[in-house]
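Below is one structure, written out as C-alpha cells, with a few remarks after it.
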Amino acid sequence: MARGIQAGDKAPDFTLPSQSGDQVRLQDRLGERVIVLYFYPKDNTPGCAAEACAFRDSHETFTDAGAEVIGISSDSADRHAGFASKHRLPFTLLADQGGRVRKAYGVPAVMGLLPGRVTYVIDRTGTVRHVFNSMTNIDGHVSEALEVVRQLQAEQPALPGRLRGLVGQYLAFDCACSAGAATTGR
C-alpha cells in the first residue's frame, strides 16, 4: 500500500464513475471549489449510512462555504445510485471497484480487512490541507472538514466564473506538463 497521503501532499488525480454513470475526474473539479473527499467502507451499513446522512445534513453549509462533497467506496455505481436515492444524498458518490484510488491515497484497512474511513480536504490548487481518519467518530469527519473548508474560504475566496475556468485549465496544463517532464526526464 502507498504511504498515506498527508496534509501538504498533492492529491492524486483519478477518474471514477459516479452513481449517475458519469465519469468524474478530480482534476476537473479543482480550481472551482474546495473538495471534501471521503472514503467509506460500504453502502447500506449503519456507520456508512450515518456518515453519508451527516454529510447530507450539512451539504448546504458545505456548499455555502465553497466546498463540494464527494464520497468513495468500492461499491458499484448502481449500488451507489440506490444508496443515494434511499438516503436522499445530494452529493456525488464514486465507485472505486478494485480499490485503485483507495490504494493511491493510502487509506488504511482496519485489521487488514475492513476498508478504512478517511476524509481529505483538498484546496482549489489540489493540495491536501487536512486528513481525518476515524472509523467511529462520524461527526468528526463532518465537523473537522467543515472547519477547514471555512478556513480555506477565508484564505482563498471563490473565484468569479471566468477565472475559475482559467485556473482549472492552468492546473490541468501544469499537471500535464509536470507529467511530461517526469516521463521525458526534463
Problem - Scan of the range 134-151 for residues that are modelled with pLDDT of 85 or more and either in contact with a Cys (Cβ under 6 Å, 6 or more places away or on another chain) or within 17 Å of Ile70 (Cβ to Cβ) (or both), ordered by number - result: Val142, Glu144, Ala145, Leu146, Val148, Val149
Completion exercise
The strands (runs of 3 or more DSSP E) lying entirely within the range 19-102 that contain at least 3 residues which are within 14 Å of Ala145 (Cβ to Cβ) are 34-39, 67-73
Exercise for the section: Considering each residue of the range 57-101, count those that are touching a Lys or Arg at 6+ places or on another chain (Cβ under 8 Å), under 16 Å from Val34 (Cβ atoms) and of a type in the set (Asp, Glu), and give that number. Expected result: 1
Exercise for the section: For Arg124, work out the one condition from (1) modelled with pLDDT of 90 or more; (2) assigned to a helix (DSSP H, G or I) it doesn't fulfil. Expected result: (2)
Practice task
For residues that are of a type in the set (D, E, K, R) and closer than 19 Å to Val110 by Cα, scanning just the range 30-62, find the one that is surrounded by the fewest Cβ atoms within 10 Å (Cβ to Cβ).
Solution key: Lys42
Exercise for the section: Name every residue in the range 69-87 that is crowded, with 18+ Cβ neighbours inside 10 Å and either in contact with a Cys (Cβ under 6 Å, 6 or more places away or on another chain) or acidic (Asp, Glu) (or both), in order of residue number. Expected result: Asp75
Practice task
State all residues of the range 82-129 that are under 23 Å from Asp64 (Cα atoms) and among the charged types (D, E, K, R); if no residue qualifies, say none.
Solution key: Arg88, Asp123, Arg124, Arg129
Practice task
Go through the residues of the range 61-81 one by one and say whether even a single one is under 27 Å from Ala154 (Cα atoms), within 14 Å of the chain's Cα centre (by Cα) and of a type in the set (D, E, K, R).
Solution key: yes
Fill in the blank from the handout: Selection from the range 1-18 of residues assigned to a loop (DSSP other than H, G, I, E, B) and surrounded by 14 or more Cβ atoms within 10 Å (Cβ to Cβ) yields Gly4, Ile5, Asp9, Ala11, Pro12, Asp13, Phe14
Practice task
Output the number of the condition that Ala65 fails; it satisfies all remaining conditions of (1) of a type in the set (Gly, Ala, Ser); (2) touching a Gly at 6+ places or on another chain (Cβ under 9 Å); (3) crowded, with 21+ Cβ neighbours inside 10 Å.
Solution key: (2)
Completion exercise
Scanning the range 1-52 for residues that are touching a Gly at 6+ places or on another chain (Cβ under 8 Å) and of a type in the set (Phe, Trp, Tyr) gives Tyr38, Phe39, Tyr40
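The values are calculated or read from the model by the stated rules, or taken from the named source; none is laboratory data. Just so we're clear, the structure is a prediction, and the values are computed from it rather than from any experiment. Here Cβ is always computed from backbone atoms with ideal geometry, including for glycine, and neighbour counts include all displayed protein chains.
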